[in-house]
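Scroll down for the structure; my scribbles are underneath it.
The values are calculated or read from the model by the stated rules, or taken from the named source; none is laboratory data. What you are looking at is a predicted structure, and each value in this text was computed from that prediction instead of being measured. Don't worry about glycine lacking a Cβ; one is built from the backbone with ideal geometry, like all the others, and counts go over all protein chains shown. Surface areas here come from the heavy atoms of the whole protein model, side chains and all, with no ligands, DNA or RNA. Shrake-Rupley method; radii C 1.70, N 1.55, O 1.52, S 1.80 Å.
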Number of protein chains: 2
Amino acid sequence: MAKKQKTFRPKARKPRGFRDRLGEEILAEQAMLRRIAEVYASWGFDPLETPAFEYSDALGKFLPDTDRPNAGVFSLTDDDDQWMSLRYDLTAPLARFVAENYDGLVKPFRRYQVGSVWRNEKPGPGRYREFTQFDADSVGAPAPFADAEICAMFAEAVEAAGVPRGDYVIRISNRKVMNGLLEVAGLAGEGFATQRLGVLRAMDKFDKFGAEGVRLLLGKGRKDESGDYTKGAELSDGQTDMVVAFLQATGADNGATMEGLSDLLGASEVGREGISELQAMGEMLGRLGFDESRCKIDLAVVRGLEYYTGPVFEADLTFDVLDDKGRKIQFGSVGGGGRYDDLVKRFKGVEVPAVGVSIGVSRLLAALQARGQAESQWLAPVVVLVMDKGFMADYQQMAAELRASGIRAEVYLGGSGLKAQLKYADKRGSPVTIIVGEDERAKGQVTLKDLRLGKALSGEIDDNKKWREDQPAQMSVRRDALVAGVKEILARY
Amino acid sequence: MAKKQKTFRPKARKPRGFRDRLGEEILAEQAMLRRIAEVYASWGFDPLETPAFEYSDALGKFLPDTDRPNAGVFSLTDDDDQWMSLRYDLTAPLARFVAENYDGLVKPFRRYQVGSVWRNEKPGPGRYREFTQFDADSVGAPAPFADAEICAMFAEAVEAAGVPRGDYVIRISNRKVMNGLLEVAGLAGEGFATQRLGVLRAMDKFDKFGAEGVRLLLGKGRKDESGDYTKGAELSDGQTDMVVAFLQATGADNGATMEGLSDLLGASEVGREGISELQAMGEMLGRLGFDESRCKIDLAVVRGLEYYTGPVFEADLTFDVLDDKGRKIQFGSVGGGGRYDDLVKRFKGVEVPAVGVSIGVSRLLAALQARGQAESQWLAPVVVLVMDKGFMADYQQMAAELRASGIRAEVYLGGSGLKAQLKYADKRGSPVTIIVGEDERAKGQVTLKDLRLGKALSGEIDDNKKWREDQPAQMSVRRDALVAGVKEILARY
């Protein structure tokens, strides 16, 4: 490290890949999180909080052969030389919590958790190294009922967050039908691990590139428009046909999908198991009113995480949002999950059935904001100007009266004069500014200025008296009508 | 580090000094935080979020002469070799944020922030290495008006959190009057730094040990009941008298305190400055209705942090809570703050006036819980038992109807039989359990069991039929009266 100079003055900068957030966005996110939590709680899930840190070995991010925790996490050694890492998701801490408290835990254990997770990865536009996840999991509940329940609850949560019905779909598949496909395609053995991964990666691109693009990725490879070349999975034509047929088996309704699937995978035991789970989930969801318009079996859903062992699902937004230049913004998946019966096994040696869902909070909020559907209770405060510091208590009293009526209000407490104060109120986005100088005091009045109406003119006025007389966007009311007057202006907006 | 064995099975344990939290406590805390945020927002403060990490030099936790960040923080190097530390409070990140965005920021800048902070310290009972703080600060607003405002808002926040008026007091002092005292006591020069620290430490014990105890700490030293000896500040008798007189100058009302203070410190310029700030704060608070019963000048308030430059204050709870053994629980200060005009100077070289307050969330919540004043919207869910998996959709439909009526409800999704299911509902704290077996279905009925009423007996029953007929704590209603019946039982509690 470079030695610091003696008169060290640090540069004020946030760490690379992290962000600050201020004001309205935070409130909109909090409102959204509250609505999701209400849904999860109503289904009987309880809130859980775990520490930011986990021991690296408990996180599963410790490679037995190396001295340092795996890449992708932020790690340090505690003073007893144990490696700790900041959690990179909320599922690994859940597994640790369940294993640590296994005997005393009421099972099925159903919990929701919202919190920051950290990824020690290269940051990019809109990709931060600290972000918020909102998870819900059932531990100790086997497929397929718990899976159907999580999907139904997930749909309700997405709606509660502000996405109208019809603007999203929960797409459901099953890792077992994928394994069945790989089996019937002759890719089941140990020697085909790399090819299997290639197949899953190619399948994941079906929505983006369509059948022809996937064909290329399954075969020799694919060159995209920029000229970048992706090496293919080197499948035979027959194998490729099977995979594409599988992807195209997704029908208009779940019944049609299941029929196509049975034709393709009837020969595979694990495939039949997956089909039966999918069938049961689809039926249960349909009976509960979560039909294909909300929860649809879709065989192109892969979900990356390797630990899934059964049903997988994700929520996709189906509406289009255009950016400034009229281009479609792709929000992609705003969350998803699946069944992971092996996760607690790492600690306990026994298999514990579990299924869960995770919502990517920033992405969902961004989609809602782009659509103008994020709830906002935001209103900038009324600003009481300070014309004479000797009357500070009067100004504070006015602000207190407004607050008592449920109106955000503050007194200007900086050191500047009237012009700077008005500029402050303007920049603050204040809807109403309150002015009480000598004149008003003598008349027992207060002057209320509608800053939004008056905004265009405020920069050009030099003479206080003239300015105050000319403004159409201001009015004087009796001191005891302060609150009523402010409410009158606020009602305009 | 020890090499891991080949078949590694990690022990599931949370890191030392961290904790998990589940259920009701989280909801009570969230409700409390929401009420505090509403107060801060109503005074015109906006929410801010900053990252968990800051660069160590920006945190002020980097010693120029060493290669490692100072003790007390969790630190690691980023992949560009810069040291990063997890924030240990919310003030240092605010200073960084203000300095980084200084020119574009509307000033005074008023923000509140709630979040986790981390201390790499030895954990103890009730002392964790990750905990929540709730801060509010005004940056760019000079004393004394901004300080008075913060104190008034602090009082409102403590009340909004659930502490009734009369059960707390905001105690206010001023670093300048302390400096005035040290000056008139002849402890102002460079050579007395250690003694000054000793004096402030002794003053801080006035509430605990009284005048006599402080006298010992100011003089030769003090031995406590356990025999531990604390070395004294080695003041002369005359100096000791002055400090004790200062502490005892706190009168029944602010007027009396100010009078006593003027007699003691009239000779010191910085002392007079502090007196004038205290005077102005007391007057402003009094005029706004925050008189000595809520905001009281108290010269024994020291506040540890060295960066305070003017007013300091803290909220103390004045009610007694007894523990199981009838002993008083001391909650001490549940928060405090002060003016720190130098904090942004580290980055910018210019002095930026700032004042803020921080609430220790866990401590305040613990006090409210001990007093039974923590708000709780907690109710365990109604549990629908699964007597026959073939009717799962019906059971889910019942739960959905209850949820639609605002009642938490879940279907048992584990793999066990009736007895285990009842045990589950019992352990879950479920107020009502719903049973629909063959009999009920034939009659078009549902059986509702009041688990709290029936709890004592449930373990002893072997015969299902007998148990169901005998229980006084259960009733059968028509299927379409399910919600009404559950509401009837819930109304009992």
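In table form, for the structure just shown:
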quantity: Packing-based ranking, highest mean first, of B:84-92, A:395-403, A:97-105 given that Cβ atoms within 10 Å are counted; calculated: B:84-92, A:395-403, A:97-105
quantity: At R0 = 22 Å, FRET efficiency that the Cβ-Cβ distance of B:Gln30 and B:Asp323 yields, to 0.05; calculated: 0.25
quantity: Rg/Rg_globular for chain B, with Rg_globular taken as 2.2 N^0.38 Å and Rg from C-alpha atoms; calculated: 1.27
quantity: Helical mean residue ellipticity (222 nm; -39500 (n - 2.57) per DSSP H run of 4+; nearest 500) of chain A; calculated: -12000 deg cm²/dmol
quantity: Value of D in µm² per second that Stokes-Einstein yields for the range A:119-264, Kirkwood Rh from Cα pairs, at 10 °C (1.306 mPa s); calculated: 88 µm²/s
quantity: Amide hydrogen neighbours beyond the local backbone of B:Ala354, cut-off 5 Å, H modeled; calculated: B:Gly140, B:Tyr340, B:Asp341
quantity: Among A:20-29, B:310-319, A:133-142, the order from most to least packed when residues are scored by Cβ within 10 Å on average; calculated: A:133-142, B:310-319, A:20-29
quantity: Average partner coverage of A:35-48, which counts Cβ from other chains inside 10 Å; calculated: 5
quantity: Ascending list, in nanometres, of distances separating the A:Asp388 label from those of the other copies (7 Å, Cα toward Cβ); calculated: 8.5
quantity: Gyration tensor (alpha-carbon) shape descriptor, the range B:29-166, a/c threshold 1.5; calculated: oblate
quantity: Pseudo-label separations to other copies for B:Glu234 - Cα-to-Cβ vector, 7 Å, nm; calculated: 8.1
quantity: Paramagnetic label zone (point 7 Å from Cα along Cα-to-C-beta, A:Tyr229; backbone N under 20 Å) in the range A:189-213; calculated: A:195, A:198-199, A:202, A:213
quantity: Shielding score for B:76-86, defined as the mean number of other chain Cβ atoms within 10 Å; calculated: 4
quantity: Buried solvent-accessible surface, both chains (A, B), 1.4 Å probe, Å² to nearest 100; calculated: 8900 Å²
quantity: Additional length obtainable on full extension of the chain from A:Asp78 to A:Ser476, 0.36 nm per residue less Cα span; calculated: 136.9 nm
quantity: Vicinal HN-Hα couplings computed from phi for the range A:24-30 (Karplus, 6.51 cos²θ - 1.76 cosθ + 1.60; Hz; Gly/Pro x); calculated: 3, 4, 5, 5, 5, 5, 4
quantity: Antiparallel DSSP beta bridges within the protein assembly as shown, percent to nearest 5; calculated: 85 percent
quantity: Span from the the range B:356-373 Cα centroid across to the the range B:301-337 one, whole angstrom; calculated: 11 Å
quantity: Residues with amide H under 5 Å from that of A:Asn174, placed H, sequence gap 5 or more; calculated: A:Val312
quantity: Test item: A:402-409 mean partner chain Cβ contacts at 10 Å; calculated: 3
quantity: B:Ala442-A:Asp103 FRET efficiency (beta carbon distance; Förster radius 51 Å; 0.05 resolution); calculated: 0.80
quantity: Computed Rg/Rh of the protein assembly as shown, alpha carbon atoms with Kirkwood Rh; calculated: 1.01
quantity: Antiparallel content of DSSP bridges confined to chain B, in %, to 5; calculated: 85 percent
quantity: GluC sites (Glu not before Pro) lying in DSSP loop within the range B:202-244, provided at most 11 other Cβ fall within 10 Å; calculated: B:Glu225
quantity: Innermost chain B residue relative to the axis carrying B onto A, by Cβ distance in angstrom; calculated: B:Leu76, 2
quantity: Distance in nm between pseudo-label sites at B:Ala420 and A:Asp291 (7 Å out along the Cβ direction from Cα); calculated: 3.7 nm
quantity: Farthest positive-ward along the protein assembly as shown dipole, Cα basis, beta-carbon charges - from A:Tyr168, B:Phe209, A:Gly437; calculated: B:Phe209
quantity: Long-range amide H partners of A:Ala233 with built H, under 5 Å; calculated: A:Leu218, A:Gly219
quantity: Positive-end residue, the range B:257-326 charge dipole about Cα centroid, Cβ charges, pick of B:Phe313, B:Leu265, B:Gln279; calculated: B:Gln279
quantity: Shortest-first distances to equivalent copies, position A:Arg21, nm, label 7 Å out along Cβ; calculated: 2.0
quantity: Probe 1.4 Å, all protein chains present, accessible-area order of B:Lys176, A:Lys348, largest first; calculated: A:Lys348, B:Lys176
quantity: Subset of B:Lys205/B:Lys231; B:Lys11/B:Lys423; A:Lys14/B:Lys348; B:Lys220/B:Lys328; B:Lys122/B:Lys345; A:Lys220/A:Lys328 violating a 20 Å alpha-carbon distance limit; calculated: B:Lys11/B:Lys423; B:Lys220/B:Lys328; B:Lys122/B:Lys345; A:Lys220/A:Lys328
quantity: Theoretical FRET efficiency, 1/(1+(r/R0)^6), r = Cβ-Cβ of A:Leu490 and A:Glu375, R0 25 Å, to 0.05; calculated: 0.85
